[in-house]
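The values are calculated or read from the model by the stated rules, or taken from the named source; none is laboratory data. Values in this document were obtained by computation on a predicted structure and should not be read as measured data. Cβ atoms come from the backbone with ideal geometry, glycine included; neighbour counts cover every protein chain shown. Side chains included, ligands, DNA and RNA excluded: accessible areas come from the protein's heavy atoms. Shrake-Rupley method; radii C 1.70, N 1.55, O 1.52, S 1.80 Å.
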Amino acid sequence: MHQVEIDGGALTREDVVAVARGGAAVALGTAALDGVAKSRAHIERLADAETPTYGVSTGFGALATRHIPTDRRAALQRSLIRSHAAGAGEPVEAEVVRALMLLRLRTLATGRTGVRPSTVETLAKMLNAGIVPVVHEYGSLGCSGDLAPLSAVALAMMGEGEVTVGGATRPAAQALADAGIQSLALAEKEGLALINGTDGMLGMLVMALADLTKLLDVADLTAAMSVEALLGTDRVFSDDLQRLRPHPGQARSAKRMRELLEGSAVVESHRGPDCNRVQDAYSLRCAPQVHGAARDTVSYVETVADRELAAAIDNPVVLPDGRVESNGNFHGAPIAYPLDFLAIPVADVASMAERRTDRMLDATRSHGLPPFLADDPGVDSGHMIAQYTQAAVVSELKRLAVPASVDSIPSSAMQEDHVSMGWSAARKLRTAIDGLTTVLAIELLTAARALDLRAPLTPAPATARVVAALRERVPGPGPDRHLAPEIAAAETLIREGNLP
């Protein structure tokens, strides 16, 4: 199995996906553990000093001015985690928890947090043992980090709370013991270091980027199939026209659509002087411009994610010269804005796909296709209600495009008086990506049906392969079709990622 090295440096987005989704193991580098040990030595000196240091010998947040005596500091760390593990709602997905565990581990391994090497090793062992703490949907405001979600992880490291192993929920203490992992008794600074990070929202951002990169390829494909099925032209996707507006995402989408339509007998059938079509509708003609703008948004967000994957997020932090300094790097705004930004093109790409689908179902605009692509119009409703489903999802996606990051709400007795809501932005983006998958699946299913109805004209080789792959899972045209499982099958085909 692929193994990800944690050496104190940056991770790649591919590393995050491999561990979060692929179950890849992690390995701690010797140099990273040495750096952690040196940083810990600074913390232990400060713990013994008479002058209080925030996070080491004081309370937290609004209680930061209280000096904590030595014999109460272990209790302070334990109490911090127990009180902050206050999430509510349904458990989040295991891949989200594994991503935030990995990203917290990476920051701990930078040596900027002041934890002990044994604490870093415990978190790595839990990842490798497949122990996934139960993290609840609500509890993070995206400032001072993802406090409640990360506290649930820290609680499990202490042998408390619940975890899942192989999908089964178990007490954390039992799961750790079965894996041969010693539960932690936290020392000074470690409670804060384990929870003061933006790891949950960053993990979800990285996985969203991986999903969207694939879905935008699918959007090019379904758009090309719809252009073909609606007797549209491919001339508007030509390279010389695209170069007049030199956006890289637009150029890529147009190139893909040209290649997908190459060799189409359907497109060729209406090329020439006898064609009375002047211009295709925007949802066909402007697909590269919309998909391309979405691609360029993804490219921008990738730069943000890569910077964050090289960041050390904690408060306070231990600097290389031994100083322990408070800072504001835990604020989630740099991640929250891009999470909200991505929700906009997700909604727009889906909206355009729904318009193409509707056009194929309307006999007045589909250029010879039967109403709703029905086998027996009137008796059979064809894809009519599949488009309803698309419309319902698109309407939801528009609501999800409203930014979470503008909705700051104060907390912690006004000490944390401006928060990012980045976790909420990430959660709604995950929902939006699922919605886009459904919308594209319905367009794929509808365009394949429309291309079947264009026989004996044959589609392009690339789109013909897609229709054939779909037909292996979905029956061909006929009465009494049950569309819900067909939509699910198309969604599965998209998620498998084997489309051109």
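Given 79, 151, which one is surrounded by fewer than 17 Cβ atoms within 10 Å (Cβ to Cβ) and either part of a helix (DSSP H, G or I) or within 33 Å of the chain's Cα centre (by Cα) (or both)?
Working: 151 fails: surrounded by fewer than 17 Cβ atoms within 10 Å (Cβ to Cβ).
Only one candidate passes the filter, namely 79.
Would you point out which residue out of 338, 371 is buried (at least 16 other Cβ atoms within 10 Å of the Cβ) and in contact (Cβ under 8 Å) with a residue 60 or more places away in the chain? Lay out the reasoning, then the answer.
Details: 371 fails: in contact (Cβ under 8 Å) with a residue 60 or more places away in the chain.
Among 338, 371, only 338 is buried (at least 16 other Cβ atoms within 10 Å of the Cβ) and in contact (Cβ under 8 Å) with a residue 60 or more places away in the chain.
Residues in the range 1-35 that are aliphatic (A, V, I, L, M), out of contact with any strand residue (DSSP E or B) (no Cβ under 9 Å at 6 or more places or on another chain) and assigned to a helix (DSSP H, G or I): how many? Working first, answer last.
To start, the set of residues in the range 1-35 that are aliphatic (A, V, I, L, M) comprises 1, 4, 6, 10-11, 16-20, 24-28, 31-33.
If we keep only those that are out of contact with any strand residue (DSSP E or B) (no Cβ under 9 Å at 6 or more places or on another chain) as well, we get 10, 17, 20, 31, 33.
Then drop every residue that is not assigned to a helix (DSSP H, G or I), which leaves 17, 20, 31, 33.
The qualifying residues number 4.
Any residue in the range 283-303 that is closer than 21 Å to residue 360 by Cβ, in contact with a Gly (Cβ under 6 Å, 6 or more places away or on another chain) and at pLDDT 95 or above?
Within the range 283-303, one or more residues are closer than 21 Å to residue 360 by Cβ, in contact with a Gly (Cβ under 6 Å, 6 or more places away or on another chain) and at pLDDT 95 or above.
Can you name every one of the helices (runs of 4 or more DSSP H) wholly within the range 265-373 that holds 1 or more residues which are under 30 Å from residue 141 (Cα atoms) and among the charged types (D, E, K, R)? Before the answer, list the steps.
Numbers: elements: 265-268, 282-285, 287-308, 333-361.
It comes to 287-308, 333-361.
Out of all the residues in the range 235-263, which are open to solvent by less than 10 Å² (accessible area, probe 1.4 Å), under 22 Å from residue 464 (Cα atoms) and among the small types (Gly, Ala, Ser)?
Passing the criteria: 253, 254.
Among the residues in the range 61-69, are any open to solvent by 70 Å² or more (accessible area, probe 1.4 Å) and in contact (Cβ under 8 Å) with a residue 40 or more places away in the chain? Full working, then the answer.
Taking the range 61-69 and keeping what is open to solvent by 70 Å² or more (accessible area, probe 1.4 Å), we get 63, 65-67.
Now drop any that are not in contact (Cβ under 8 Å) with a residue 40 or more places away in the chain, which leaves none.
Within the range 61-69 (the criterion being open to solvent by 70 Å² or more (accessible area, probe 1.4 Å) and in contact (Cβ under 8 Å) with a residue 40 or more places away in the chain), the answer is no, since none of the residues qualifies.
Would a scan of the range 382-391 turn up a residue that is in contact with a Pro (Cβ under 9 Å, 6 or more places away or on another chain) and over 19 Å from residue 287 (Cα atoms)? Spell out how you get there, then give the answer.
Taking the range 382-391 as the starting set, the residues that turn out to be in contact with a Pro (Cβ under 9 Å, 6 or more places away or on another chain) are 382, 384.
The next check asks that each one be over 19 Å from residue 287 (Cα atoms); those that pass are 382, 384.
For the range 382-391, residues in contact with a Pro (Cβ under 9 Å, 6 or more places away or on another chain) and over 19 Å from residue 287 (Cα atoms): present.
Can you tell me which residue is surrounded by the fewest Cβ atoms within 10 Å (Cβ to Cβ) among those in the range 118-148 that are assigned to a loop (DSSP other than H, G, I, E, B) and polar (S, T, N, Q)? Steps first, answer last, please.
Step one: filter the range 118-148 for residues assigned to a loop (DSSP other than H, G, I, E, B), giving 129-130, 134-135, 139-146.
Adding the requirement that they be polar (S, T, N, Q) leaves 140, 144.
On the way: 140: 29, 144: 26.
Filtering the range 118-148 for residues that are assigned to a loop (DSSP other than H, G, I, E, B) and polar (S, T, N, Q), the one surrounded by the fewest Cβ atoms within 10 Å (Cβ to Cβ) comes out as 144.
Taking residue 431 and the conditions (1) touching a residue at least 60 places away in the same chain (Cβ under 8 Å); (2) of a type in the set (Val, Ile, Thr); (3) out of contact with any Lys or Arg (no Cβ under 9 Å at 6 or more places or on another chain), which numbered condition does it fall short on, given that it satisfies the others?
Tallying (1) touching a residue at least 60 places away in the same chain (Cβ under 8 Å); (2) of a type in the set (Val, Ile, Thr); (3) out of contact with any Lys or Arg (no Cβ under 9 Å at 6 or more places or on another chain), residue 431 fails exactly one: (1).
Find all pairs meeting these conditions: Cβ atoms under 7 angstrom apart; at least six residues apart or on different chains; first residue within the range 396-412 and in contact (Cβ under 8 Å) with a residue 24 or more places away in the chain; second residue open to solvent by 60 Å² or more (accessible area, probe 1.4 Å).
Within 7 Å, the pairs are 400/431; 401/344; 405/337.
Would you check if residue 473 is open to solvent by 60 Å² or more (accessible area, probe 1.4 Å) and either assigned to a loop (DSSP other than H, G, I, E, B) or in contact (Cβ under 8 Å) with a residue 40 or more places away in the chain (or both)? Write out each step before concluding.
Numbers: open to solvent by 60 Å² or more (accessible area, probe 1.4 Å): yes; either assigned to a loop (DSSP other than H, G, I, E, B) or in contact (Cβ under 8 Å) with a residue 40 or more places away in the chain (or both): yes.
Criteria met by residue 473.
Which condition breaks for residue 329 when tested against (1) out of contact with any helix residue (DSSP H, G or I) (no Cβ under 6 Å at 6 or more places or on another chain); (2) modelled with pLDDT of 95 or more?
Of (1) out of contact with any helix residue (DSSP H, G or I) (no Cβ under 6 Å at 6 or more places or on another chain); (2) modelled with pLDDT of 95 or more, only one is false for residue 329: (2).
Return the residue satisfying two criteria in turn: it lies in the range 156-166 and is assigned to a loop (DSSP other than H, G, I, E, B) and touching a residue at least 60 places away in the same chain (Cβ under 8 Å), and of such residues it is nearest to residue 134 (Cα to Cα). Please lay out each step first, then the result.
Of all residues in the range 156-166, those assigned to a loop (DSSP other than H, G, I, E, B) come to 158-161, 166.
Checking the rest, the ones that are also touching a residue at least 60 places away in the same chain (Cβ under 8 Å) come to 158, 160-161.
Details: 158: 14, 160: 11, 161: 8 Å.
Across the range 156-166, the extreme among qualifying residues is 161.
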